[in-house]
Each structure stands twice: as structure tokens, then as C-alpha cells.
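A quick write-up on the structure given underneath.
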Amino acid sequence: MPNSILKKYGSKTTLTAAVASLASDTNLLAGIESSVIDNTTDGFDDILLSGKTTTGTSPTAARQIEVWAVAWDGANWPDVFDGTTSAETITSSDIKNAICKPVAILATNNTSDRTYHYSGVSARAVFGGELPSKFVLFIVHNTGVNLNSTAGNHEFSYVGIYPQVQ
């Protein structure tokens, strides 16, 4: 009888991304870089990305929270990224469009302290069919006010998937 390959799901891993009180940026270039997702050891076939973030008090209607993925090229991080959780301001919108891959664009309204979720986003699909060895998330918003100041109201996580021969 031939072996079959099943998908095995790893444990949820929470990233460090200090977005509590993150200031709004009209240009959507100044945000927070997460800790790195390093696939060099685990060798996941895919990684499912999920998260939530909460607006602050009295946000402007019809704005957005953006979550992007930025890959390491095997030797260097592009532009201002460095693989550590920190505040970053991308050099320009054309550079952002070239190096950042969209994970979730969350349309927001003017409701204070509303939590916006995304879940089950395939990192493999985000990167066009192949996972980079390492990548980070970049979170930015233009809601007109700082994000909610409570750290627990924001979370960015992933679950790795790897093949298992049965």
C-alpha cells in the first residue's frame, strides 16, 4: 500500500509586534515591523497568518489597517527592515509596493475601540507560491488616531503546516 501525505498543523506562535498606541500615518509608510518568522529550521510547507488589531478612540471613517509581509532575500532585509520588532518608516510608496506583499487590508469605520480580525491567510500564496526562508510582518494604518493602547487588544500569529507521510 502506498504511503499518503497528510497535512500536519503546528502550534500557534504569537509574534512580537508592539502596535499598541501606534500613530496613524496618512501615507501608510510609518508602522511596526514584527519579530521574524524563521522557516529555516521548521521547513513548513505553508504558514497560516492570523491576527487582530483594535482602533483607538474616535477614528476617522473609511480608512484602513494594513498588514504586509516582507521577505529576507537570504542575505539582506530590504529598505529599512532588519528582522527585529521595531518602528519603521519605509522610504517611499514605490519601494513599499516593490518589497511588501499584502496579507490583509482591513477597512475600518469610525467606531471607537473596534477590533478587526484576519485569519487563515496562506503565506505561501502571499509570496506567489513559495515561502521565503524568513519574513516579517509590517503593520501600518491611517485611521486618524493612535491604535488602542492595550497590548492585549492586538495579536499577530501563525500556524505552520508541514507534510506528514502516513
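The values are calculated or read from the model by the stated rules, or taken from the named source; none is laboratory data. Just so you know, these numbers come straight off a predicted model, no measurement behind them. Reconstructed Cβ throughout: ideal geometry from the backbone, glycine too, with neighbour counts over all protein chains shown. For the accessible areas, the whole protein counts, side chains as well, though only heavy atoms, and no ligand, DNA or RNA atoms are used. Shrake-Rupley method; radii C 1.70, N 1.55, O 1.52, S 1.80 Å.
At 222 nm, what helix-only mean residue ellipticity would the chain give, in deg cm²/dmol to the nearest 500, using -39500 (n - 2.57) for each DSSP H run of four or more?
It comes out at -1500 deg cm²/dmol, rounded to the nearest 500.
Using a simple charge model, +1 on the beta-carbon of Lys and Arg, -1 on the beta-carbon of Asp and Glu, nothing else, what dipole does segment 44-87 show about its Cα centre, in debye to the nearest 20?
360
If you wrap a convex hull around the C-alpha atoms of segment 37-110 and split its volume per residue, what is the figure in Å³?
Residue-normalised Cα hull volume stands at 129 Å³.
Which value, in Å², gives the accessible area per residue of the chain when a 1.4 Å probe is used on the protein heavy atoms?
In whole numbers, the chain has 49 Å² accessible per residue.
If you take the square roots of the eigenvalues of the alpha-carbon gyration tensor of segment 90-141 and sort them as a ≥ b ≥ c, do you get rounded (a/c under 1.5), prolate (a/b over b/c) or oblate?
Because a/c hits 1.5 or more and a/b fails to exceed b/c, segment 90-141 counts as oblate.
Once Lys and Arg get +1 and Asp and Glu get -1 on their Cβ, which of 40, 64, 51 lies farthest toward the positive end of the dipole of segment 33-75?
My answer, from the dipole projection, is 64.
Taking only C-alpha pairs under 8 Å that are 6+ residues apart, what is the relative contact order of segment 1-143 in percent?
42
Which lysines does residue 8 reach when only Cα atoms under 30 Å apart count, and residues fewer than 8 places away in its own chain are ignored?
Candidates past the 8-residue exclusion: 52, 101, 134.
Residue 57: net charge of surrounding residues, Cβ under 15 Å, Lys/Arg +1, Asp/Glu -1, itself excluded?
+1
Carbon-plus-sulfur fraction of the accessible area of the chain, 1.4 Å probe, in percent?
48
At what distance in angstrom do the alpha carbon centres of segment 96-166 and segment 16-36 lie from each other?
12
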